[in-house]
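Pasting a structure below so you can have a look.
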Amino acid sequence: MGLDHGIALTYTIRMAQLESGLVALASARPDLAAHQRVVRMDGRQVVRQLVDLLGARLVAYLGGVSETRAVREWLEGKREMRADAHARLSEALTVALTIASREEPRTVQAWFQGLNPQLDDRSPARMLRDGKLEEVGPEVRQAARAFVVGG
């Protein structure tokens, strides 16, 4: 088995796991189901799921690092993630899975990056990266719930 084939197979397996998990989330209250799923994950699992949904650049931004190399090192276990970065990324994954329970990954990415009228025209990604998580986390979750319910 060549390296390219192994990488493609690994990617296919990860996408199937992600898709099967998203189908299960869709049948329950999506934000609660997402929260329950995320609290059982370690940091590497959180980062892997976020990269699959949002891409490495947005994960780096949310995690407060300037390079995608740090994201890769988190995934490989070569770099320790700060506690505040882990908390922010876990919150971001909860929100991302909530939206992904009803939407395509590209919609999830756009939702995180765009200005959101439910958040006083602020970007959810910027709020989660820069704000006090105990304040902005519930605001962003509520906006995600409203998006899922109202489209």
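Filtering region 48-76 down to residues that are out of contact with any Gly (no Cβ under 8 Å at 6 or more places or on another chain) and free of Cβ contacts under 8 Å to residues at least 12 places away in the same chain, which residue is nearest to Val108 (Cα to Cα)?
Step by step, filter region 48-76, then rank; the result is Arg57.
On to the next question. In region 91-104, how many residues are in contact with a helix residue (DSSP H, G or I) (Cβ under 7 Å, 6 or more places away or on another chain) and either surrounded by fewer than 21 Cβ atoms within 10 Å (Cβ to Cβ) or without any contact (Cβ under 8 Å) to a residue 12 or more places away in the chain (or both)?
1
Could you grab me the full set of residues in region 83-111 that are charged (D, E, K, R) and within 11 Å of the chain's Cα centre (by Cα)?
Residues satisfying the conditions are Arg88, Glu91.
Just one of (1) modelled with pLDDT of 95 or more; (2) more than 23 Å from Val149 (Cβ to Cβ) trips up Gln113, so point out which.
(2)
Ok, one more. Can you give me the number of residues within region 91-140 that are part of a loop (DSSP other than H, G, I, E, B) and farther than 15 Å from His35 by Cα?
Number of matching residues: 10.
Right, here's the next one. Please list, ordered by first then second residue, the pairs with beta carbon atoms under 8 Å, 6 or more apart or interchain, first in region 124-151 and under 16 Å from Ala110 (Cβ atoms), second of a type in the set (Phe, Trp, Tyr) and surrounded by 12 or more Cβ atoms within 10 Å (Cβ to Cβ).
Partner pairs satisfying both residue conditions: Pro124/Trp111; Pro124/Phe112; Ala125/Tyr61; Ala125/Phe112; Ala144/Trp111; Phe147/Trp111.
Which residue is modelled with the highest pLDDT, if the candidates are limited to region 130-145 and must be surrounded by fewer than 19 Cβ atoms within 10 Å (Cβ to Cβ) and either basic (Lys, Arg) or under 12 Å from Pro30 (Cβ atoms) (or both)?
Lys132
Let me ask something additional. Does any residue of region 77-86 turn out to be closer than 20 Å to Asp31 by Cα, part of a helix (DSSP H, G or I) and without any contact (Cβ under 8 Å) to a residue 60 or more places away in the chain?
Yes; the residues of region 77-86 include at least one that is closer than 20 Å to Asp31 by Cα, part of a helix (DSSP H, G or I) and without any contact (Cβ under 8 Å) to a residue 60 or more places away in the chain.
Any chance region 60-69 includes a residue that's under 20 Å from Asp31 (Cβ atoms) and surrounded by 14 or more Cβ atoms within 10 Å (Cβ to Cβ)?
For region 60-69, residues under 20 Å from Asp31 (Cβ atoms) and surrounded by 14 or more Cβ atoms within 10 Å (Cβ to Cβ): present.
The values are calculated or read from the model by the stated rules, or taken from the named source; none is laboratory data. The model shown is predicted, which means the values in this text are computed figures rather than measured ones. Positions of Cβ are backbone-derived with ideal geometry, glycine not excepted, and every protein chain shown enters the neighbour counts.
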